[in-house]
1. Quick one: count up the residues across the stretch 248-261 that are buried (at least 19 other Cβ atoms within 10 Å of the Cβ) and either within 16 Å of the ligand (Cβ to nearest atom) or more than 18 Å from Ala190 (Cβ to Cβ) (or both).
2. Taking Arg92 and the conditions (1) out of contact with any Asp or Glu (no Cβ under 8 Å at 6 or more places or on another chain); (2) open to solvent by 10 Å² or more (accessible area, probe 1.4 Å), which numbered condition does it fall short on, given that it satisfies the others?
3. Might you let me know whether the stretch 5-18 holds any residue that is more than 18 Å from Gly350 (Cα to Cα) and open to solvent by less than 60 Å² (accessible area, probe 1.4 Å)?
4. Only residues that are over 24 Å from Ala337 (Cα atoms) and in contact with a Leu (Cβ under 7 Å, 6 or more places away or on another chain): list them for the stretch 18-53, please.
5. Which members of the stretch 278-292 meet the condition of being within 16 Å of the ligand (Cβ to nearest atom) and in a helix (DSSP H, G or I)?
6. Please go through the stretch 322-334 and pick out each residue that is open to solvent by 10 Å² or more (accessible area, probe 1.4 Å) and in a loop (DSSP other than H, G, I, E, B).
7. For a quick check of your reading of the model, give me the residue pairs whose first member lies in the stretch 268-293 and is at positive phi, whose second is away from the ligand (no atom under 16 Å from the Cβ), with beta-carbon atoms closer than 8 Å and at least 6 apart or on different chains.
8. Please state which of the following conditions His245 fails to meet, knowing it meets all the rest: (1) within 14 Å of the ligand (Cβ to nearest atom); (2) without any contact (Cβ under 8 Å) to a residue 24 or more places away in the chain; (3) not hydroxyl-bearing (Ser, Thr, Tyr).
Amino acid sequence: MTRIGDAALVTRAGMIEWVGPLAALPRDLASSATHRVDLSGRWVTPGLIDCHTHLIFGGNRSAEFAERLRGTSYADIARRGGGILSTVRATRAASDAQLTAAALRRLDALLAEGVTTVEIKSGYGLTEHDERRMLHIARELGRARPVRVRTTFLGAHALPEEYAGRAGQYVADLAETWLPRLAAEGLVDAVDVFCEHIGFSVDDAQRVFASAQRLGLPVKMHAEQLSNVGGSRLACRYSALSCDHLEFTTPADVAALAAAGTTAVLLPIAFYSLRETRRPPVPALREQRVPMAVATDCNPGSAPTASLLLAMNMAVQLFGLTSDEALAGATRCAARALGLQTQCGELAPGLGADFAVWDVESPDELCYWAGFNPLVAVVRGGGIVRGMSDQDVRVAHD
Ligand SMILES: [Zn+2]
């Protein structure tokens, strides 16, 4: 990650036109500027990208959380219909307006930390109708706020109660009936599967991925969070954009990720919340040059959070990333995890003018604080969307 002191950044028509040391700023660019903003020595990073969220859901699971704190096991809670299926019931029961209002509160918290791109998964509807509602709402959130939203269809998140004992039929329905229709409606940017011994099998995932491939949609996978059933190796055969979690990933899997050009998405808040002990193989990922992204995994069960800065802090503290790796994980590598590397994620000419301004002494501070937000301002698509007043924006040569 290159750091430039005393820098200048030129934007035009929503794109970055030039970036470099102020002393090297071409004279014609400086003289043709219509507006100029002096950031008084503050640091500018690319707008942050949260590349893995389950932002839209009904209710929350704080009551179950309190029960677990009193000693009830997760398995007992799940046996009584708690866990993910309780969120599915709450999501189905909520109106579109209720789901939107709740999601906006979390989205606004992300935006207040400099997020300019967010991925949002379905996966709490688990009927065609409710999955469609979630994806529609995700698209609406992108219109309601200055943020680029990428939608991911995660019908293969959990087996809904009405399909109990009929997992094969459920996978057939979601892969061969729902997904083609949702894709035709323009609601799906990528397709994800929760591949796990308590989730969907590798064969199930293959069926979903084959359908995605026929539709020309990229795939992602929740892989190796709790066990290794061979998920990431399958995902790599489909040139997955990303494999996410990866606590139980082996060296052979890491080689497959590297060969496939797949990004590893690390989710340290889920690791923390579940009090896991097995870490993803960061040294091997680093050695094999697998891009490592960092995301919140915002969801009501394993990652009740809306702070990407906290995820960056935990990626450093719990997984051993360097501060440069954590920042790249929430910018450049996160863009790759969404297939957006030609649009955002870096401060480079030709990319979108999405950036965040921080009141920090160095970018290391962004993952140094655990629960403190030094954001000053945000520019999205070349427009100031947060933090700078008209007084800050001076017409050039005034
Ligand atoms: Zn997730």
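The values are calculated or read from the model by the stated rules, or taken from the named source; none is laboratory data. Given the structure is predicted, the values throughout are model-derived calculations rather than measurements. Virtual Cβ from ideal backbone geometry, glycine too; neighbours counted across all protein chains shown. Calculation scope for accessible area: heavy atoms of the full protein, side chains included, ligands and nucleic acids excluded. Shrake-Rupley method; radii C 1.70, N 1.55, O 1.52, S 1.80 Å.
1. Residues that pass the stated criteria total 5.
2. (1)
3. yes
4. Initial filter on the stretch 18-53 (over 24 Å from Ala337 (Cα atoms)): 18-43.
Those that are over 24 Å from Ala337 (Cα atoms) and in contact with a Leu (Cβ under 7 Å, 6 or more places away or on another chain): Trp18, Val19.
5. Hits for the stretch 278-292: nothing passes.
6. Scanning the stretch 322-334 gives a single hit, Thr322.
7. Close Cβ pairs (under 8 Å, with a partner that is away from the ligand (no atom under 16 Å from the Cβ)) amount to Arg289/Ala258.
8. (2)
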